[in-house]
1. Determine, yes or no, whether C171 is assigned to a helix (DSSP H, G or I) and at pLDDT 95 or above.
2. Of the residues G63, G67, only one is touching a Lys or Arg at 6+ places or on another chain (Cβ under 8 Å) and either part of a loop (DSSP other than H, G, I, E, B) or more than 19 Å from S242 (Cβ to Cβ) (or both); which?
3. Go through segment 197-302 and tell me which helices (runs of 4 or more DSSP H), entirely inside it, have 2 or more residues that are modelled with pLDDT of 90 or more, among the aliphatic types (A, V, I, L, M) and under 27 Å from I83 (Cβ atoms).
4. Do we find that E252 is more than 27 Å from I140 (Cβ to Cβ) and either hydroxyl-bearing (S, T, Y) or not assigned by TED's automatic domain parsing to the domain that holds E142 (or both) in this structure?
5. Return the residue satisfying two criteria in turn: it lies in segment 329-351 and is more than 16 Å from Y261 (Cβ to Cβ) and among the acidic types (D, E), and of such residues it is surrounded by the most Cβ atoms within 10 Å (Cβ to Cβ).
6. Within the set of pairs 6+ apart or on separate chains, which have a first residue in segment 38-56 that is closer than 18 Å to I140 by Cα, a second that is surrounded by fewer than 18 Cβ atoms within 10 Å (Cβ to Cβ) and polar (S, T, N, Q), and C-beta atoms under 8 Å apart?
7. Determine which single condition I238 fails, assuming it passes every other condition in (1) within 17 Å of F328 (Cα to Cα); (2) surrounded by 23 or more Cβ atoms within 10 Å (Cβ to Cβ); (3) hydrophobic (A, V, I, L, M, F, W, C).
8. Of all the residues that make up segment 84-115, how many are free of Cβ contacts under 8 Å to residues at least 40 places away in the same chain, of a type in the set (V, I, T) and crowded, with 21+ Cβ neighbours inside 10 Å?
Amino acid sequence: MMSNIVTVDIADKPKNFSEVLRKNAQHRSNHIAIIEPDRNISLTYSELDNIVDRAVVWLESQGVSKGSVVSVALRNCIEYFPIYLGVIRLGAIINPFPVTLSGHDLVRNLQYTEPILVICHDIHSSFVREYDFRVFELIIDEQSQFFEYLTDFSLNENSNNNVLNDDFAACLYYSSGTTDDPKGILYSHSNMVCLIDSIVRSFHHDQSDKHLVLLPLGHTASINYSFLPSLYTGATIILYDSFLKLRNSLWEVIDKFKISYMQVVPSVLYSILNTPYINFDSDKTQSLSYIGCGSAPLSIHMQSEFQKKYGIPVSNLYGLSETGPTHFDDPIDPKWMPGSIGVPLDVNSVDFIDENGNTVPIGEVGEIIVKGPNVFVGYFKNENLYDDVVRNGYFHTGDLGYIDDEGLHYFVDRKKDLIIKAGVNIHPGEIEEVLYEHNLISEVLVIGVPDEYYGEDIKCFAVMINSNDEEDVIKESVLNFARDRLGLFKAPKSIQIVDALPKGPSGKYLRRSLREV
C-alpha cells in the first residue's frame, strides 16, 4: 500500500537557512543559539548572524564564490556553525567530512569533490597540503581565535543573502555507504527547508527546545535531527565534542540544561544502557520526553530495555543521506509500540514494490521507494547513478520493508544484505533480533557466506558481555539458543566472537567488512 504525500505549502517558508538565521537574529536576537559548555563559549542568534556575515567576507578572501565547494573535516566545535552557515550564505556548497577519516581517506574524497578550500585541524592539515589543496587550519582554544580572527573582515553590502535559486545545491554530503568508491550527495536549499520544516512538525520541536548534540557534525544525523531543526525553530543547541566526553556525566548535563531532545546511534544507546549511572534520577530528566536513535538498525530488545531501565522511550528513526529522515516513530503516541519506523513525514510519498515495480500487498516485504521535495537533486559527477536510482520521481532506496494493517512502516534489511539459502530469502535482521535476546550478547551482525550445498549459509559475528565461560562453551550456548528459537534452517551455522564490529563514521555497521574476514 502506498502512503500518499501530503502537499506542503512552501509559499511562506524561507528559501534557505541563511534566511532562517537572519529572521532569528531579528526576532530572537538575544536568545542563545549554541552553547559549548566544555569551552564555556556561547552565541546568541544576533552574534551568530554577525559572525556568519564576517565569515562570508573571509570565505571570499579565500577564493570561495557561488557554486564553489568548501570541504570541512572538523571535530564538534562552535566554530563549525558559522563556517557551515557562511558557506550557505555565500551561495557556495558545504561539503562536510567526518573528522575521524584517515588522512588518506580524506584526500581520496577531496580529490573527488575538488574543493576550492579545505578547513580542518592539525591532524589533517599538513597531509592535505601535500596534495596542493588550499587549507585553512582551524585552531581550537578556550576563547576561539577564529572568532577574533574574523573581526578583521569588515562587513560589506555583499554580506547579505546571496542565494538566488532555492533549487541550487547547498550541500555535498559524504556517504559512508556500502561501496568503496566516493559518493557525493547533492542537497539543495529547497531540499533542506522542506525536510526540516516537516521534521519540526512531526517531531514536536519548537523554539523552547534544548538539543543535546554529541554525534559528529560531519555526518547528516546531527545536521538533520538537531542543528537545522534547532536553527529553524530558534531553539538552543548544547554542543559536546563526543559522547565519550560526557558519558559519565550524561544525566547531570541533561538535568542542568533541561535537554528536550538527544539524537544517538545504537552503539551510543547500548553504552548508556550499560553504564552504571549512580546519580541517575528520573525526576531530573522530565525535560527529555524521548530519545531519537538512527543511522543503523535498532533492535527491539535494546529499545525496550532502555525504556524499562530509564523510563524514556526511544524513537526508531529511518532515513538515508539522499533523503534525510523519511519517517517518524512517535513514542509519545499513547498507542506506540517498539519495532516499527512509524509513518512517513508529511513531505514524503512512500511505497513498497516488488522486483517488477508493482506495489506489494499489506504485510509483504518490498523495496522502499520515496518521493518528495526532500529527495536529493543528484549525485556529484555521476548522473548515470542518479538516473539509475531515481525513477518516475521515486528514489529506490535498496532497503526492504513493509506496511502493516495499521499503516505503520517497518524496515527489514538492506536488499543487498539479503541471505538466499537454498532459494529461500532470509533477512539478517530477523536473526539478529532473536540473538540480541541471549544474555551474553552485546552486539551482533549476521551475514551470508558461500556454502557448497545451500549456495549461502548463515554466519554470526558477536561481541560478548564478559563471561568466565570458555569461548567454545559460549559459542555452543548461542548456537543452541538460535536453533531453539529459529529452527535449524534459519539458525547460524557458525559464530565468530570478535572484540568489536566494524562501523562507519556515522555508527552504521559495515557488513561488507565482515565478508572479507
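1. On the way: assigned to a helix (DSSP H, G or I): no; at pLDDT 95 or above: yes.
No: the conditions fail for C171.
2. Details: G67 fails: touching a Lys or Arg at 6+ places or on another chain (Cβ under 8 Å).
Exactly one of G63, G67 is touching a Lys or Arg at 6+ places or on another chain (Cβ under 8 Å) and either part of a loop (DSSP other than H, G, I, E, B) or more than 19 Å from S242 (Cβ to Cβ) (or both), namely G63.
3. Details: elements: 228-233, 243-246, 250-257, 266-273.
Hits in segment 197-302: 228-233.
4. Numbers: more than 27 Å from I140 (Cβ to Cβ): no; either hydroxyl-bearing (S, T, Y) or not assigned by TED's automatic domain parsing to the domain that holds E142 (or both): yes.
When the stated conditions are applied, E252 does not pass them.
5. By that ranking, first place goes to D351.
6. Partner pairs satisfying both residue conditions: I41/Q143.
7. All conditions are met except number (1).
8. Residues meeting the conditions: 1.
The values are calculated or read from the model by the stated rules, or taken from the named source; none is laboratory data. This structure is a prediction, so every number in the text was calculated from the model and none was measured. All Cβ positions, glycine included, derive from the backbone under ideal geometry; neighbour counts span all protein chains shown.
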